[in-house]
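Enquirer: First the structure, then my questions, so here it is.
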Amino acid sequence: MSKSTGAAFGTMAAYKTEQVTVTETEADVLKTYIDTTPESGNTLKRSFCGKCGSPVKVQRGSDPERTVIPVGIIDGDKDSFKPQLEFYCKRKAGWVGAIEDSKTFDAMPTSSD
């Protein structure tokens, strides 16, 4: 179960930070929380919508060149977002099946994994 989404899983996509654009008419709507308690040990910058609280993006303090965003906030077709990696599989609910051709990790891998 995912603590950050409150659900059985969260579908996220990783991009180079310069590829990510957040569009909003109000400049101050994006809020950021510095999370120092993840199981991985990494400090995370969790950005969210200041209006509705929806997660918008996450960056590891140790890897600011990469930004992870929830697939649900991406406009357009989502069919191309078939998961390639699965993290925290040791906590996976028994009724969640395997994703064909995905690489699995019991926890969040380090940058050397």
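Quick note: the coordinates plus some simple rules give every number you see, no bench work behind them. These figures come from a predicted structure and were not determined experimentally. Cβ sites come from the backbone with ideal geometry, for glycine too, and all protein chains shown count toward neighbours.
Enquirer: In the calculated pair distance distribution of the chain, what percentage of Cα-Cα distances lie above 19 Å?
Expert: When all Cα pairs of the chain are counted, 50 percent exceed 19 Å.
Enquirer: ³J(HN,Hα) across the range 43-51 via Karplus (A = 6.51, B = -1.76, C = 1.60, θ = phi - 60°), whole Hz, x for Gly/Pro?
Expert: Computed from phi, the couplings for the range 43-51 are 7, 10, 9, 9, 9, 8, 6, x, 8 Hz.
Enquirer: May I ask which residue of Gly41, Ser80, Thr67 lies farthest towards the positive end of the charge dipole of the chain, with charges of +1 (Lys, Arg) and -1 (Asp, Glu) on Cβ and the Cα centre as origin?
Expert: Going by the Cα projections, it comes out as Gly41.
Enquirer: Given H placed on each backbone N at 1.01 Å, which residues far from Val56 in sequence or on other chains put an amide H within less than 5 Å of it?
Expert: For Val56, the qualifying residues are Ser47, Phe48, Cys49.
Enquirer: In the range 25-81, which trypsin sites (Lys or Arg not before Pro) are in a loop and have at most 13 other Cβ atoms within 10 Å, using DSSP for the loop call?
Expert: When the trypsin sites (Lys or Arg not before Pro) of the range 25-81 are filtered for loop state and at most 13 Cβ neighbours within 10 Å, Lys51, Lys78 remain.
Enquirer: With charges only on Cβ, +1 for K and R and -1 for D and E, what is the dipole size of the chain about its Cα centre, in debye, rounded to 20? Can you show the working numbers first?
Expert: Values: 15 positive and 16 negative charges, 73 e Å.
Roughly 340 debye, rounded to the nearest 20.
Enquirer: Over the range 12-104, what is the relative contact order in whole percent, taking alpha-carbon pairs under 8 Å and six or more residues apart?
Expert: Reported as a whole number, the value is 23 percent.
Enquirer: Using a simple charge model, +1 on the beta-carbon of Lys and Arg, -1 on the beta-carbon of Asp and Glu, nothing else, what dipole does the range 36-81 show about its Cα centre, in debye to the nearest 20?
Expert: My answer is approximately 240 debye.
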